[in-house]
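Read the structure below first, then the notes.
The values are calculated or read from the model by the stated rules, or taken from the named source; none is laboratory data. This is a predicted model, so every value here is computed, not measured. Please note: Cβ atoms are built from the backbone with ideal geometry, for glycine as well, and neighbour counts cover all protein chains shown.
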Amino acid sequence: MTHEARLAQRTLIFTADDFGLHERVNEAVERAHLHGVLTAASLMVAAPAARDAIARAHRLPELRVGLHLVLADGAAFLPRDAIPALVDADGRFDDNMVRDGFRFFFLPHVRKQLALEIRAQFEAFAKTGLPLDHVNTHKHFHLHPTVLGLIVEIGRDYGMRAMRLPCESREPLWLKPWIGLVRERLDRAGIAHNDYVVGIANTGRMTEGVLLEALAHLPDGVGEIYCHPAVVGEGALTQGMRGYRHADELAALLSPRVEAAIEAAGATRGGFADVFGQAHDRGVQPS
């Protein structure tokens with residue numbers, strides 16, 4: 001599909017992030033895809049329930065699965081002795097992204113280890129046997145120029161053709177020029193991307209009401225609506241998700257009102273591979 005054709009219609013990619021984080025997340029992804037509007041999921045290859053997520057994905061041939069690179073506030077794929085400058089004693093990345101951003105940019109030995117970890121996560125995804133629909137990063141760390149450059153360079157070796165552009169209508173004014181630079185860099189590299197996202201301002205609160213409001217005011221072009229659904233269970237999935245309304249997000253993806261609003265908006269649905277006409281081993285047409 002040409003850029004002009006995309007802008008002349010409304011297309012939506014409904015993505016669940018953190019696929020593999022917990023079986024509660026994986027169960028929600030499966031339900032929302034089979035019985036709701038979910039079209040894609042982003043896999044955390046080093047997460048505790050990644051194997052369960054991969055097994056489910058192989059049973060869901062129309063679910064488009066991408067790589068959710070974790071480079072902050074999560075577990076690394078490589079052991080600590082391979083990337084000691086990146087992780088703590090438990091093999092986890094720090095959650096101080098500002099500090100790490102400076103280290104990535106200014107310290108060559110840190111960049112070298114970062115490249116090793118990014119490649120390892122791409123390699124782990126390749127070994128799943130799932131087609132790579134898209135790539136994004138935990139907490140949108142690919143907005144960092146060093147991270148983005150490494151992903152684009154390494155991703156070519158693994159068939160990466162699409163990335164999330166975290167561009168939301170209510171983003172701060174100071175961020176708009178930076179988003180524009182990221183868009184230009186992806187375009188120069190021939191990496192497909194969405195025109196806008198819905199999900200940043202209401203992270204963890206993508207309820208039925210939020211989705212209905214967004215669907216009532218959709219711009220033309222390709223939009224990615226991303227969320228963090230999970231089935232009900234005891235305790236928070238992570239400390240940073242203590243306030244997330246996972247079950248409400250799942251209910252929104254299963255809502256007949258949301259499905260009807262998509263139809264009323266005249267929007268088609270699919271994964272990045274469907275929308276951008278990429279070759280896909282398990283290909284179907286957008287719904």
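Within segment 37-47, is even one residue assigned to a helix (DSSP H, G or I), over 23 Å from K139 (Cα atoms) and in contact (Cβ under 8 Å) with a residue 60 or more places away in the chain? Spell out how you get there, then give the answer.
The first filter runs over segment 37-47 and keeps only residues assigned to a helix (DSSP H, G or I), leaving none.
No, segment 37-47 contains no residue that is assigned to a helix (DSSP H, G or I), over 23 Å from K139 (Cα atoms) and in contact (Cβ under 8 Å) with a residue 60 or more places away in the chain.
In segment 71-85, is there at least one residue being more than 18 Å from the chain's Cα centre (by Cα), surrounded by 17 or more Cβ atoms within 10 Å (Cβ to Cβ) and under 25 Å from L211 (Cβ atoms)? Outline the logic, then answer.
Of all residues in segment 71-85, those more than 18 Å from the chain's Cα centre (by Cα) come to 78-85.
Now drop any that are not surrounded by 17 or more Cβ atoms within 10 Å (Cβ to Cβ), which leaves 78, 83.
Going one step further and asking which of them are under 25 Å from L211 (Cβ atoms), we end up with none.
No, because not a single residue in segment 71-85 is more than 18 Å from the chain's Cα centre (by Cα), surrounded by 17 or more Cβ atoms within 10 Å (Cβ to Cβ) and under 25 Å from L211 (Cβ atoms).
List every residue pair whose Cβ atoms lie under 8 Å apart, where the two residues are 6 or more positions apart in sequence or sit on different chains, the first residue falls within segment 213-232 and is more than 15 Å from D248 (Cβ to Cβ) and among the acidic types (D, E), and the second residue, located anywhere, is modelled with pLDDT of 95 or more and assigned to a loop (DSSP other than H, G, I, E, B).
Listed pairs, sorted by first residue: E224/R164; E224/N194; E224/G199.
For segment 125-144, what are the residues that are aliphatic (A, V, I, L, M), buried (at least 20 other Cβ atoms within 10 Å of the Cβ) and under 13 Å from L69 (Cα atoms)? Step through it out loud before you land on a result.
Filtering segment 125-144 for residues aliphatic (A, V, I, L, M) gives 126, 130, 132, 135, 143.
Within this subset, residues satisfying the condition of being buried (at least 20 other Cβ atoms within 10 Å of the Cβ) are 130, 132, 135.
Hits for segment 125-144 are L132, V135.
Which residue pairs have Cβ atoms under 8 Å apart, sit 6 or more places apart or on different chains, and have a first residue in segment 236-263 that is of a type in the set (K, R) and a second that is part of a helix (DSSP H, G or I) and surrounded by 13 or more Cβ atoms within 10 Å (Cβ to Cβ)?
Close Cβ pairs (under 8 Å, with a partner that is part of a helix (DSSP H, G or I) and surrounded by 13 or more Cβ atoms within 10 Å (Cβ to Cβ)) amount to R257/E208; R257/L212.
When you go through G190, G223, G199, G149 one by one, which is the residue that is modelled with pLDDT of 95 or more and loosely packed, with under 13 Cβ neighbours inside 10 Å? Don't jump to the end; show me each part of the working.
On the way: G223 fails: loosely packed, with under 13 Cβ neighbours inside 10 Å; G199 fails: loosely packed, with under 13 Cβ neighbours inside 10 Å; G149 fails: loosely packed, with under 13 Cβ neighbours inside 10 Å.
Going through G190, G223, G199, G149 in turn, just one is modelled with pLDDT of 95 or more and loosely packed, with under 13 Cβ neighbours inside 10 Å: G190.
List pairs: first residue in segment 133-161 and in contact (Cβ under 8 Å) with a residue 24 or more places away in the chain and closer than 19 Å to D274 by Cα, second residue surrounded by 17 or more Cβ atoms within 10 Å (Cβ to Cβ) and among the basic types (K, R) anywhere in the structure, Cβ distance under 7 angstrom, at least six positions apart or on different chains.
Filtered contacts from segment 133-161: D133/R64; H134/R164; N136/R164.
Are any residues in segment 224-267 within 17 Å of the chain's Cα centre (by Cα) and either part of a strand (DSSP E or B) or aliphatic (A, V, I, L, M) (or both), and if so, which ones?
E224, I225, Y226, C227, A230, M241, L250, L253
Given A126, A115, A120, which one is modelled with pLDDT of 95 or more, among the small types (G, A, S) and under 28 Å from L175 (Cβ atoms)?
Values: A126 fails: under 28 Å from L175 (Cβ atoms); A120 fails: under 28 Å from L175 (Cβ atoms).
Unique residue meeting the criteria: A115.
Whether any residue in segment 179-198 is of a type in the set (A, V, I, L, M, F, W, C) and either assigned to a loop (DSSP other than H, G, I, E, B) or in contact (Cβ under 8 Å) with a residue 60 or more places away in the chain (or both) is what I want to check.
yes
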